[in-house]
Amino acid sequence: MSAEAKAPARARANRSGEGFRELGLLVFIAILCIAFQLRNHSFLTLANIKDLLDNTAILGILAVGMMLVLITGGIDLSIGATIALAGMTSALTGMAIPRINPLLSILEGMAVGLVIGSVIGILVARFKVLPIIASLGLMNIVRGVTYIESKGAWVSAYQMSDDFKSLSTGTTLGVNNLVLIALVIFALFWYFVNHTKTGRRIYAIGSNPDAADVSGIPRRKLLWLVYATMGVLAGLAGVLWVSKFASAQGDTALGYELNVIAACVLGGVSISGGSGKVSGLVLGTILLGMLNNALPLIDVSPFWQQFIQGIVILAAVLTNVAVKRNNQRLALRKRAI
Amino acid sequence: MPETILALEHITKTFPGVRALDDVGFELRKGEIHALMGENGAGKSTLIKVITGVYQPDSGRILLDGRSVSIRGPLDSQRLGIAAIYQHVTCYPDLSVAENIFIGHEKVDPLTRRIHWKELHAQAAELLGSLDADFDSKAIMGNLSVAQQQIVEIAKALSTRARIIIMDEPTAPLTKRESEDLYRIAEGLRDKGVSIVFISHRLEDMYRLASRVTVFRDSRYVGTWPVDAISRDQLIVAMVGRSITQLFPKRKVAIGEEVLKVEGLSRTGYFKDVSFSVRKGEILAITGLVGAGRTEVCEAIYGITRADSGRVLLAGEELRAAHPSEALERGLGYLPEDRLKQGLVLEWAIAANVTLPSLERFSRFGWMNRRREELKAKELAERLEVKANSVHDLVATLSGGNQQKVIVAKLLTGNMKVIILDEPTKGVDVGAKAAIFEIMNELAQAGYGIVMVSSEMPEVLGMSDRIVVMREGRVSATLDTADATQEKILSAAMATATTVATAATAAKERP
């Protein structure tokens, strides 16, 4: 048998582990759908699916940014706070200037996020602060600034313009704006991580930082870039969040970063860096959104909802480990010692 | 007269306290495979780093195509058409094969900045095809075997249009069959006019592949010969050269009953069918080339990893250590090769490090008895002559040799029967070495069974009672030190088929 003929078979074997993950996730989602539908027939209705997607869109936007950070081997705990500050700032501006174009509000939120993300990026890339510490520090600072800025008060629905509120609740061509924005971001980042040099190099620096330094990849710049990007996306999410719930508070999105990280982990992004795919991320986000949406529908008590989410996350991680170990064992068995 | 492509003349390179290269020369011809041989520390790796620009020589010059060049860094050498494939593959395990080959010089569309995936994979496939690779350019690097990853590294070298490729011990982690594939690739490259420097510890590599061989010893150039003009024995003498000086105060000790017996221990992909035994008061050396599986065997015995089959008997009872604490509890101690990573907590005081593996002996109802800890640590530190102001000094402030003594002290707090020392003298100076040997003598006298893993030939011959030689994950010879010579050990470690047979008979003849 010629080498060319053998090659595709071997390649398929080498990649089967990867494809298996996403297929497994898809099957799991399908089984859950059937189970939920059997318990409550309103689960797979158009209205509920729309509701589910609307409520999951912001999570998805954030998960994309978090995936980049995780791929480099880092983590960003500050995004809940960034959401609050960006949302609060744009709401306060809207209160002061009621006629402001909502698109400007969005830009304002993204600018706030860019500043916060850049600071974390500089701390991590330039001063070699551990990402968990750098973002923890910023988390507290930013949360504090939010309270200071708002003097502890809320901005409520009646203080926001209708244009601002319709950012998240409005529709374009029959599709909710939030879902549209999330889809555009998914598409943009899918292209970015799969088809650009910079995107691929983000994987490289997470996969083997030392080798990246040797082969002349600008690791510091890329590190800064992923945190800045995360910040911008968190800023955007903050404005959308406030617009959606028509309320800006000091404790908005408290602890939400953990949901985002959970969505990434469910989607197969490795916390130790180097791997993660947009397709997996979409599935992971939908799975987490489904649990949030469907568990109340089938009358699971809020206490048990948390419990079940935890179990699902652990199961996903354990599956990942098993797949990885299996691949390694296959590689070792090829050696005839 | 074949044309010379690369010549190094009178190269000297010193590091603080060490002369790594002493006025050496090297000459590589166009389209030849040139073997570079020598013991560990002979200066081969330093020479390679000079050629690739990682180090700058203190004196001497490098001629490429007859012209003097200065190579200031890895990028310079790449530009000059020199590529090196290092022992430890420097790859991105999560990326595809094609990306690993082209990272750093990917082709992108000038307008959209999109990576030309099709072209990238086509070029990668072409390179892999020319190397007869049996995997696809889209395969994930981390799922490949070490041998396949090396082929990727070679493809990477070719993608930069290298004319000179240096392979630093490429066959060390490979099995015989995998090596055969690599030989074919190297020959194919040679026939296309690429010049190859092939560093290896294996004599068979050299005889199979190279047309000429250069030997280094103790940082010096020994000579260059056509491969068919030098016999195996002559070559070994050229590499070993010196006779062993009596640095080793090995004491005669009464040897008692068997305390450790390893039977048919195997772990898929690492070692297979390893058997040996150690008796009370005996020092057993396990030697072999780097990558032969010595450390892996010790880790499996100690419970850091698990063997797939085989068994370990400690004082006649089966030891199935699932965790090091069980091995310690039963009286088997292990001093790891990488003491910084596995042996010591640098930010802790000497006393705290010493008592770490046996805290329950120094505590009552969960509370530490600091006084007892201090007394025991002091006693052991004095016995091992650890040089420090007090046992409260941080381990980080000690020299390498003294750190090593602290690790040994750790093992002595418990009731040990067998102690495994993995490269105990690695990275310590001569004085500390002598002290460690003295400790080993004392321990043997006190009735411990000692297993010493070592690559240093003089130390193996000077300190042990018996010697187990490993090669490619198997025991290739078991020798009595009294009958062993450097040549015998080296040929078992690098054995070709015929010598394995003799070594096996020798092992069988042992009572």
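The values are calculated or read from the model by the stated rules, or taken from the named source; none is laboratory data. Quick caveat, the model's predicted, so the values are computed rather than measured. Cβ placement follows ideal geometry from the backbone for every residue including glycine, while neighbour counts extend to all protein chains displayed.
Scanning region A:213-228 for residues that are among the β-branched types (Val, Ile, Thr) and either more than 23 Å from residue B:104 (Cα to Cα) or at the interface with another protein chain (Cβ under 8 Å from one of its Cβ atoms) (or both), we see that the one that is farthest from the chain's Cα centre (by Cα) is A:214. From the list A:283, A:254, A:318, A:332, the lone residue that is in a helix (DSSP H, G or I) and within 20 Å of the chain's Cα centre (by Cα) is A:283. Set side by side, the residues B:210, B:172, B:157, B:162 differ, and just one is in contact with a Phe, Trp or Tyr (Cβ under 7 Å, 6 or more places away or on another chain), of a type in the set (Gly, Ala, Ser) and closer than 30 Å to residue B:12 by Cα, which is B:210. Considering region B:99-119, the residues that are part of a loop (DSSP other than H, G, I, E, B) and facing chain A (nearest Cβ under 7 Å) include one that is farthest from the chain's Cα centre (by Cα), namely B:113.
Pairs linking a residue in region A:193-210 that is of a type in the set (Gly, Ala, Ser) to a residue that is in a helix (DSSP H, G or I), with Cβ atoms under 7 Å and 6 or more positions apart or on different chains, are A:199/A:192; A:199/A:193; A:204/A:212; A:206/A:71. Residue-level check: of (1) among the small types (Gly, Ala, Ser); (2) surrounded by 16 or more Cβ atoms within 10 Å (Cβ to Cβ); (3) within 11 Å of chain A (Cβ to nearest Cβ); (4) over 27 Å from residue A:329 (Cα atoms), residue B:73 misses just (2).
One residue stands out in region B:309-354 among those that are acidic (Asp, Glu) and exposed (fewer than 14 other Cβ atoms within 10 Å of the Cβ): the one that is nearest to the chain's Cα centre (by Cα), namely B:338. Of the residues making up region B:449-483, those that are of a type outside the set (A, V, I, L, M), away from chain A (no Cβ under 14 Å) and over 24 Å from residue B:438 (Cα atoms) number 1. Scanning region B:9-57 for residues that are part of a strand (DSSP E or B) and at positive phi turns up B:10, B:23. For residues that are in a loop (DSSP other than H, G, I, E, B), touching a strand residue (DSSP E or B) at 6+ places or on another chain (Cβ under 8 Å) and more than 9 Å from chain A (Cβ to nearest Cβ), scanning just region B:81-98, find the one that is surrounded by the fewest Cβ atoms within 10 Å (Cβ to Cβ). Restricting to residues being in a loop (DSSP other than H, G, I, E, B), touching a strand residue (DSSP E or B) at 6+ places or on another chain (Cβ under 8 Å) and more than 9 Å from chain A (Cβ to nearest Cβ), the top hit is B:87. Got at least one residue in region B:108-120 being within 17 Å of residue A:201 (Cα to Cα), at pLDDT below 85 and touching a Lys or Arg at 6+ places or on another chain (Cβ under 8 Å)? Yes, some residue in region B:108-120 is within 17 Å of residue A:201 (Cα to Cα), at pLDDT below 85 and touching a Lys or Arg at 6+ places or on another chain (Cβ under 8 Å). Evaluation of residue B:151 against the conditions (1) of a type in the set (A, V, I, L, M); (2) more than 10 Å from chain A (Cβ to nearest Cβ); (3) touching a strand residue (DSSP E or B) at 6+ places or on another chain (Cβ under 9 Å); (4) crowded, with 18+ Cβ neighbours inside 10 Å shows that the sole unmet condition is (3). From the list A:323, A:317, A:282, the lone residue that is within 14 Å of chain B (Cβ to nearest Cβ) and of a type in the set (Val, Ile, Thr) is A:323.
Scanning region A:220-247 for residues that are of a type in the set (D, E, K, R) and more than 20 Å from residue A:171 (Cα to Cα), which turns out surrounded by the most Cβ atoms within 10 Å (Cβ to Cβ)? Across region A:220-247, the extreme among qualifying residues is A:220.
Residue count for region A:120-152 satisfying the condition of being exposed (fewer than 13 other Cβ atoms within 10 Å of the Cβ) and either in contact (Cβ under 8 Å) with a residue 60 or more places away in the chain or assigned to a loop (DSSP other than H, G, I, E, B) (or both): 6. Of the residues making up region B:192-237, those that are aliphatic (A, V, I, L, M) and farther than 22 Å from residue B:456 by Cβ number 10. Taking the conditions (1) facing chain A (nearest Cβ under 10 Å); (2) surrounded by 18 or more Cβ atoms within 10 Å (Cβ to Cβ); (3) under 24 Å from the mean Cα position of the chain (by Cα) in turn, residue B:166 satisfies each one other than (1).
Taken over region B:267-296, the residue count meeting the criterion of being in contact with a strand residue (DSSP E or B) (Cβ under 8 Å, 6 or more places away or on another chain) and either at pLDDT below 90 or in a helix (DSSP H, G or I) (or both) is 7.
Based on what the data block shows, is residue B:216 surrounded by 20 or more Cβ atoms within 10 Å (Cβ to Cβ), of a type in the set (Phe, Trp, Tyr) and within 14 Å of chain A (Cβ to nearest Cβ)? No; evaluated as a whole, the condition is false for this residue. None of A:310, A:274, A:250 is buried (at least 22 other Cβ atoms within 10 Å of the Cβ) and either on the phi < 0 side of the Ramachandran plot or within 14 Å of another protein chain (Cβ to nearest Cβ) (or both) except A:274.
Residue by residue, here is whether (1) over 16 Å from residue B:251 (Cβ atoms); (2) crowded, with 24+ Cβ neighbours inside 10 Å holds:
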site: B:412; (1), (2): yes, no
site: B:424; (1), (2): yes, yes
site: B:446; (1), (2): no, no
site: B:449; (1), (2): no, yes
site: B:463; (1), (2): no, yes
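Exactly one residue among B:373, B:385 is acidic (Asp, Glu) and either more than 35 Å from the chain's Cα centre (by Cα) or modelled with pLDDT of 85 or more (or both), and that residue is B:373. Taking helices (runs of 4 or more DSSP H) as the structural unit, those lying wholly within region B:297-413 and holding at least 1 residues that are acidic (Asp, Glu) and out of contact with any helix residue (DSSP H, G or I) (no Cβ under 7 Å at 6 or more places or on another chain) correspond to B:324-330, B:370-383.
Yes/no per residue for (1) in a helix (DSSP H, G or I); (2) within 14 Å of chain B (Cβ to nearest Cβ); (3) of a type in the set (A, V, I, L, M, F, W, C):
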residue	(1), (2), (3)
A:166	yes, no, no
A:178	yes, no, yes
A:182	yes, no, yes
A:190	yes, yes, yes
A:194	yes, yes, no
A:200	yes, yes, no
A:203	yes, yes, no
A:206	yes, yes, no
A:211	yes, yes, yes
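Only helices (runs of 4 or more DSSP H) whose full extent lies in region A:1-105 are considered here, and the ones with at least 1 residues that are within 14 Å of chain B (Cβ to nearest Cβ) and modelled with pLDDT of 90 or more are A:46-71.
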